[in-house]
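K.L.:
My structure is below; once you've seen it, I'll send some questions.
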Amino acid sequence: MASSVLSLASATPSASLSSHEIEKGKLNLGNSSLCFKKEKTNPFMKTKSVGRISMAVASNVSRFEAITMAPPDPILGVSEAFKADNHELKLNLGVGAYRTEELQPYVLDVVKKADKLLLEKGENREYLPIEGLAAFNKVTAELLFGADNPVIKQQRVATVQGLSGTGSLRLAAALIERYFSGAKVLISSPTWGNHKNIFNDARVPWSEYRYYDPKTVGLDFEGMIADIKAAPEGSFILLHGCAHNPTGIDPTPEQWETIADVIQEKNHIPFFDIAYQGFASGSLDADASSVRMFVARGMEVIAAQSYSKNLGLYAERIGAINVVCSSSDAAARVKSQLKRIARPMYSNPPVHGARIVASIVGDATLFKEWNAEMEMMAGRIMNVRQKLFDSLSSKDKSGKDWSFVLKQIGMFSFTGLNKAQCDNMTNKWHVYMTKDGRISLAGLSLAKCEYLADAIIDSYHNFPLMVASNKDHMPLLFLIENALHSLTTHLCLATDAQVYWLWES
């Protein structure tokens with residue numbers, strides 16, 4: 001801490017010093033005062049002696065002065081801006097959280113029942129084991145892979161309870177960094193914003209494979225396959241098991257088979273992020289079909305799970321990391337190392353969310369009720385998607401094809417809007433969304449679909465910001481995105497830097 005020194009000689013002519021004030025440690029300087037002390041050793045303060053009295057004025061220069069302000073989170077920052085807006089028609093389509101038709105948060109009835117049962121049981125609040133609640137780990141693995149799956153019966157799955165999807169991914173990233181030195185993770189372009197942060201913090205190198213095609217607002221399947229083929233053998237391929245975030249674009253069953261073929265040929269390891277099981281289609285089994293197909297081929301698989309969306313347990317931070325191994329012995333060793341990683345990271349996971357999941361999945365009646373509520377939530381989002389498409393098609397007289405809205409799945413729609421268009425959505429229409437053009441249909445009501453359609457049509461046609469690229473026309477920011485991705489893929493490996501894209505700043 002830096003300091004400056006003041007002696008008695010610097011006091012103003014009107015300054016007076018009484019023995020009482022000396023005892024109180026106070027020096028009157030007209031209308032101001034300074035504190036002083038008798039001379040003592042202080043490593044953070046320099047002093048000057050005047051007679052028997054030493055005085056010093058310390059200025060607060062922090063030892064953390066070199067730490068810069070971090071940029072706001074591109075997703076959570078949307079909610080903060082929304083809250084500050086007082087417009088009556090404002091819409092928050094940024095954060096992926098389910099809302100009712102009245103746009104209110106929703107607590108599942110089955111969760112309320114499970115909560116009540118747990119309260120009546122009077123469960124204690126003792127620490128869980130490092131790997132989490134045993135009953136939860138059992139049902140979550142069975143839910144993902146199927147209770148009768150041979151990998152379950154042969155004990156070839158290492159399951160550890162994690163801090164929702166983010167924490168589970170982080171455990172897996174640490175395992176990769178520790179035991180697969182130099183291995184690269186391939187992530188889709190685009191992907192969920194936190195994926196890059198997770199691998200950067202774990203010091204795991206990553207690059208991207210093509211996924212989104214801006215010309216069709218669909219899947220660039222040929223580019224995806226080519227990039228996975230070109231990846232170094234033994235890479236980890238991060239896949240969204242269902243309801244791809246942010247695009248809502250999923251491969252067809254036939255395309256999933258081709259993806260699995262290429263991953264097997266290149267000896268890659270599939271790494272699934274399962275954030276929406278049951279919430280995308282309304283069926284737990286249908287939304288897990290991609291993962292189960294890879295496992296049925298005998299492949300070793302990593303799969304992270306989250307119960308934030310399908311059970312609405314956002315704040316409980318409940319999820320799991322599963323590693324399917326070729327033998328039970330390998331699974332036991334992997335689990336032991338996941339526990340070893342978790343111990344200094346957070347010691348052990350929270351219990352309440354795990355008990356809720358275990359209670360619901362483990363009880364036939366509650367499980368049936370949960371399935372019904374998931375179908376209801378997924379159905380509401382599908383109805384909103386249809387209504388938005390109908391509104392866009394009827395209002396837009398330009399002939400533009402809006403059918404991509406219906407082809408996408410899950411809680412998100414990737415509109416294809418660029419940053420300037422997204423800014424117009426917010427500044428003129430008070431629609432809050434991420435700058436990559438993603439909107440959360442879970443935060444939209446049927447009553448607001450026509451208003452949103454007006455906003456999208458106005459923004460699309462009046463803020464094109466297009467530039468020619470060979471024979472195709474592509475959004476300028478998409479071209480910049482590709483260049484930045486190519487450049488920063490190498491920069492983040494060399495500098496361990498956090499990468500924040502242009503439209504997120």
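K.L.:
Looking at (1) open to solvent by 70 Å² or more (accessible area, probe 1.4 Å); (2) in contact with a Ser or Thr (Cβ under 7 Å, 6 or more places away or on another chain); (3) at pLDDT below 95, which one does E450 not meet, given that it meets all the others?
P.N.:
(3)
K.L.:
Taking segment 67-83 only, how many residues are β-branched (V, I, T) and surrounded by 11 or more Cβ atoms within 10 Å (Cβ to Cβ)?
P.N.:
So the answer is 2.
K.L.:
Hey, among the residues in segment 160-177 that are open to solvent by less than 10 Å² (accessible area, probe 1.4 Å) and among the hydroxyl-bearing types (S, T, Y), which one's farthest from G298 (Cα to Cα)?
P.N.:
Per the criteria, the residue is S164.
K.L.:
Here's a follow-up. Would you mind finding the one in K448, K419 that is over 18 Å from P74 (Cβ atoms) and among the basic types (K, R)?
P.N.:
On the way: K419 fails: over 18 Å from P74 (Cβ atoms).
None of the others qualify; the one that does is K448.
K.L.:
Pairs needed: first member in segment 262-279, more than 21 Å from L163 (Cα to Cα); second member anywhere, modelled with pLDDT of 95 or more and open to solvent by 10 Å² or more (accessible area, probe 1.4 Å); C-beta distance under 6 Å; at least 6 residues apart or different chains.
P.N.:
Matching pairs, first to second residue: V262/I225; V262/K229; K266/E233; N267/E233; N267/G234.
K.L.:
Going through segment 91-111 one residue at a time, which ones are in contact with a strand residue (DSSP E or B) (Cβ under 7 Å, 6 or more places away or on another chain) and open to solvent by 30 Å² or more (accessible area, probe 1.4 Å)?
P.N.:
N92, V95, R99, P105, Y106
K.L.:
Out of the residues in segment 325-367 meeting the condition of being touching a Lys or Arg at 6+ places or on another chain (Cβ under 6 Å) and open to solvent by less than 30 Å² (accessible area, probe 1.4 Å), tell me which one is nearest to I130 (Cα to Cα).
P.N.:
A331
K.L.:
The conditions are (1) out of contact with any Gly (no Cβ under 8 Å at 6 or more places or on another chain); (2) at pLDDT below 95, and G416 fails exactly one of them. Which is it?
P.N.:
For G416, the exception is condition (1).
K.L.:
Please give the helices (runs of 4 or more DSSP H) falling wholly within segment 217-329 in which 1 or more residues are touching a Cys at 6+ places or on another chain (Cβ under 9 Å) and within 17 Å of G146 (Cα to Cα).
P.N.:
Details: elements: 221-230, 253-265, 284-287, 289-296.
Qualifying helices (runs of 4 or more DSSP H): 284-287, 289-296.
K.L.:
Kindly provide the set of residues from segment 424-437 that are at pLDDT 95 or above and either open to solvent by 10 Å² or more (accessible area, probe 1.4 Å) or part of a helix (DSSP H, G or I) (or both), ordered by number.
P.N.:
If the condition is that a residue be at pLDDT 95 or above and either open to solvent by 10 Å² or more (accessible area, probe 1.4 Å) or part of a helix (DSSP H, G or I) (or both), then N424, M425, T426, N427, K428, W429, H430, Y432 are the ones that fit.
K.L.:
Considering each residue of segment 368-423, count those that are open to solvent by less than 50 Å² (accessible area, probe 1.4 Å) and in a helix (DSSP H, G or I), and give that number. If you could, list the steps in order and put the result at the bottom.
P.N.:
Narrowing segment 368-423 to residues open to solvent by less than 50 Å² (accessible area, probe 1.4 Å): 370-371, 373-374, 377-381, 384-385, 388-389, 391-392, 396, 402-405, 408, 410-418, 420-423.
Now drop any that are not in a helix (DSSP H, G or I), which leaves 370-371, 373-374, 377-381, 384-385, 388-389, 391-392, 404-405, 420-423.
Adding up the residues that qualify gives 21.
K.L.:
From (1) more than 23 Å from A372 (Cβ to Cβ); (2) open to solvent by less than 80 Å² (accessible area, probe 1.4 Å); (3) more than 23 Å from the chain's Cα centre (by Cα), pick out the condition that doesn't hold for A114.
P.N.:
So A114 meets the others, but not (1).
The values are calculated or read from the model by the stated rules, or taken from the named source; none is laboratory data. Because the structure is a prediction, the values reported are computed rather than measured. Positions of Cβ are generated from backbone atoms using ideal geometry, with glycine treated the same way; all protein chains shown enter the neighbour counts. Side chains included, ligands, DNA and RNA excluded: accessible areas come from the protein's heavy atoms. Shrake-Rupley method; radii C 1.70, N 1.55, O 1.52, S 1.80 Å.
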